[in-house]
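Undergrad: Structure incoming, see below.
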Amino acid sequence: MRVKQVTIKDIAQRLGISHSTVSRALSRSAAYLVSEKTRLLVKQTADEMQYTPNLMAQGFVTGRTGTLGLLTYQISLETYGNQTEQILRAAERAHYQLLMGMAVNRTARSSQDDQGTQIRQLISRGVDGLLINTRGDRGESDRIRDMVRNHIPVVTYHYPTEHISGVVLDLEADFYHATNHLIELGHRRIGYIGRDLDLESPVSSKGRGYCRAMGDNDLPHEIIPPLGSRGEGGYIQGLNLRDRFTALLCRDDYTAIGVCRGLRDGGLRIPEDVAVVGFGDIDVSAYLSPALTTMAVPYQEIAGMAMDLLLRKIGGEDTTEQVTLRSRLIVRESCGGNKD
C-alpha cells in the first residue's frame, strides 16, 4: 500500500498554524519572515513527519524546482568520479539538488543517441539548468543545441562546444608543457601513448600538444596506440617498447601505471632507463614506487566555474562564455626531474 506524501498543509494542521507560515519557515529565501522559534518548530515537525518538498509542484508556482541536471558518461574511473563529486559539492553550496543522467553506450552512433535521450529525460524532470560533461565527438555541439532548443540554460565542461557556454581544459597546452619538461631534462626520444592524431578532433588535443612541442624543438614525434584498455594497454606497450624511447608521455595515469609495470617486467629502470609521465593525478600516483609524475586536473575549479556560469544563465544572463583552465604539472620521481 502506497503511503500518502506529507504536505505543507499536513504540517500546518498538526501545529495549528497557517500553511503559508509553514511554507515561509521551510523556504531559504523567506524564513526571515517568521520567528526563529516558529522556524525551528516547523523544521522539527517536518523532520518528524518525514516531509519532502514536491519539487515539481514548487516549479509550477515559482518557475524553479531547485534542481539541476548533470549528464556524464563515466563515473567508474577516479578522475571522472572526482569531477562528479566536485560538481555535486558546488551544487550543494548553491542550494541546488542534482539529478544525474548517464550516457553510457560506447559505440559512436549509440553513444550519440544515448546522450540525446538523457538530455531529453533530464529536461522532462523540470530541472532549472543542465551541466553536460562533453565527449568531444564531431557534431556534439549541434546535437546538444538541437536537444535543448533554449528550453533551459546549459553549460558544458571538459571539451569545447560551439555557441554554448562552458569550461574547457586546454589539454593541448598541458601536454605541450609536459613534453617540454622532458625535453629540458635532456630527452630526445620521447613517445606519446594515446589516441591517434586527428587535427580536427578535440579528443586528440593531448597528442597535438605533444607533437607541437616535439616539432618546435626539431625532434621526431611518434604516437603509440595503447594495446587494450588503460592499465592493460599501457602494460603491453611497456613490455613491447622496452628502451626504444628514453621517455614516454601517457594519455592518463592508468596507462602510465601499466607502462611502468611493463617496463619493469622487461628489466628496465624508471626513470634511469625510461622516464614516464601520466595525466590525472589519481590518488595512488603519489604512492607508487617510483612516484608518478603527472598533471593534476583542477576539478574543483572546473566545478566552481561551471556552476557560476550556469547560475548566471538561470538568473537571466544571455551571453555565451568559454572559460579555459590549465592542469598543473606535478614533478615526481618517475621522470627523474624532482632532484634539487
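Undergrad: Could you list all residues from segment 307-322 that are among the β-branched types (Val, Ile, Thr) and open to solvent by less than 70 Å² (accessible area, probe 1.4 Å)?
TA: Within segment 307-322, 314 is the sole residue that qualifies.
Undergrad: Going by the structure shown, is residue 235 touching a residue at least 24 places away in the same chain (Cβ under 8 Å), open to solvent by 60 Å² or more (accessible area, probe 1.4 Å) and either closer than 25 Å to residue 81 by Cβ or part of a helix (DSSP H, G or I) (or both)?
TA: For residue 235, the condition - touching a residue at least 24 places away in the same chain (Cβ under 8 Å), open to solvent by 60 Å² or more (accessible area, probe 1.4 Å) and either closer than 25 Å to residue 81 by Cβ or part of a helix (DSSP H, G or I) (or both) - is met.
Undergrad: Of all residues in segment 239-264, which are more than 20 Å from residue 328 (Cα to Cα) and modelled with pLDDT of 95 or more?
TA: Result: 245, 246, 258, 259, 260, 261, 262, 263, 264.
Undergrad: Hey, another quick one. Restricting the search to segment 125-158, which residues are open to solvent by 10 Å² or more (accessible area, probe 1.4 Å) and among the charged types (D, E, K, R)?
TA: The answer is 125, 128, 135, 137, 138, 142, 143, 145, 146, 149.
Undergrad: Name the residues in segment 187-220 that are modelled with pLDDT of 95 or more and in a loop (DSSP other than H, G, I, E, B), would you?
TA: 187, 188, 189, 217, 218, 219, 220
Undergrad: Looking at this structure, is residue 304 open to solvent by 20 Å² or more (accessible area, probe 1.4 Å), more than 21 Å from residue 176 (Cβ to Cβ) and small (Gly, Ala, Ser)? Before you say what the answer is, go through the steps one by one.
TA: On the way: open to solvent by 20 Å² or more (accessible area, probe 1.4 Å): yes; more than 21 Å from residue 176 (Cβ to Cβ): yes; small (Gly, Ala, Ser): yes.
Considered against the rule, which asks whether it is open to solvent by 20 Å² or more (accessible area, probe 1.4 Å), more than 21 Å from residue 176 (Cβ to Cβ) and small (Gly, Ala, Ser), residue 304 comes out as yes.
Undergrad: Collect the residues in segment 1-49 that are at pLDDT below 80 and in a helix (DSSP H, G or I), keeping them in residue-number order.
TA: 19, 23, 26, 31, 32, 33
Undergrad: Could you count how many residues in segment 182-210 are open to solvent by less than 20 Å² (accessible area, probe 1.4 Å) and either closer than 21 Å to residue 241 by Cβ or free of Cβ contacts under 8 Å to residues at least 12 places away in the same chain (or both)?
TA: Result for segment 182-210: 11.
Undergrad: For segment 204-218, which positions are out of contact with any strand residue (DSSP E or B) (no Cβ under 7 Å at 6 or more places or on another chain) and among the aliphatic types (A, V, I, L, M)?
TA: Pass one, segment 204-218, residues out of contact with any strand residue (DSSP E or B) (no Cβ under 7 Å at 6 or more places or on another chain): 204-206, 208-209, 211-213, 215-218.
Selection gives 213 alone.
Undergrad: Also, I was wondering about something else. Pull up segment 89-102, narrow it to residues that are within 26 Å of residue 283 (Cα to Cα), open to solvent by 20 Å² or more (accessible area, probe 1.4 Å) and hydrophobic (A, V, I, L, M, F, W, C), then point me to the one that is modelled with the lowest pLDDT.
TA: Taking the candidates together, the pick is 102.
Undergrad: Going by the conditions given, is residue 86 surrounded by 17 or more Cβ atoms within 10 Å (Cβ to Cβ), at pLDDT 85 or above and either on the phi > 0 side of the Ramachandran plot or of a type in the set (S, T, N, Q) (or both)?
TA: yes
Undergrad: If you don't mind, another one. Mind counting the residues in segment 103-141 that are of a type in the set (A, V, I, L, M, F, W, C), at pLDDT below 80 and in contact with a Ser or Thr (Cβ under 9 Å, 6 or more places away or on another chain)?
TA: Residues that pass the stated criteria total 2.
Undergrad: Identify all residues within segment 323-340 that are more than 16 Å from residue 164 (Cβ to Cβ) and open to solvent by 60 Å² or more (accessible area, probe 1.4 Å); write none if there are none.
TA: 326, 328, 333, 338, 339, 340
Here is a yes/no grid of residues against (1) of a type in the set (Val, Ile, Thr); (2) in contact with a helix residue (DSSP H, G or I) (Cβ under 7 Å, 6 or more places away or on another chain); (3) assigned to a helix (DSSP H, G or I); (4) under 21 Å from residue 301 (Cα atoms):
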site	(1), (2), (3), (4)
136	no, yes, no, yes
143	no, yes, yes, no
151	no, yes, no, no
157	no, yes, no, yes
177	no, no, yes, yes
180	no, yes, yes, no
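Undergrad: Residue by residue through segment 238-271, note down the ones that are crowded, with 22+ Cβ neighbours inside 10 Å and acidic (Asp, Glu).
TA: 252, 253
Undergrad: Could you check segment 159-181 and list, in sequence order, the residues that are open to solvent by 10 Å² or more (accessible area, probe 1.4 Å) and over 20 Å from residue 73 (Cβ atoms)?
TA: 163, 170, 172, 173, 176, 177, 180, 181
The values are calculated or read from the model by the stated rules, or taken from the named source; none is laboratory data. Bear in mind that the values here come from a model prediction, so they are computed numbers and not experimental data. Here the Cβ is made from the backbone with ideal geometry for all residues, glycine too, and neighbour counts use every protein chain on show. Just the protein is used for accessible areas: all its heavy atoms, side chains included, with ligands, DNA and RNA removed. Shrake-Rupley method; radii C 1.70, N 1.55, O 1.52, S 1.80 Å.
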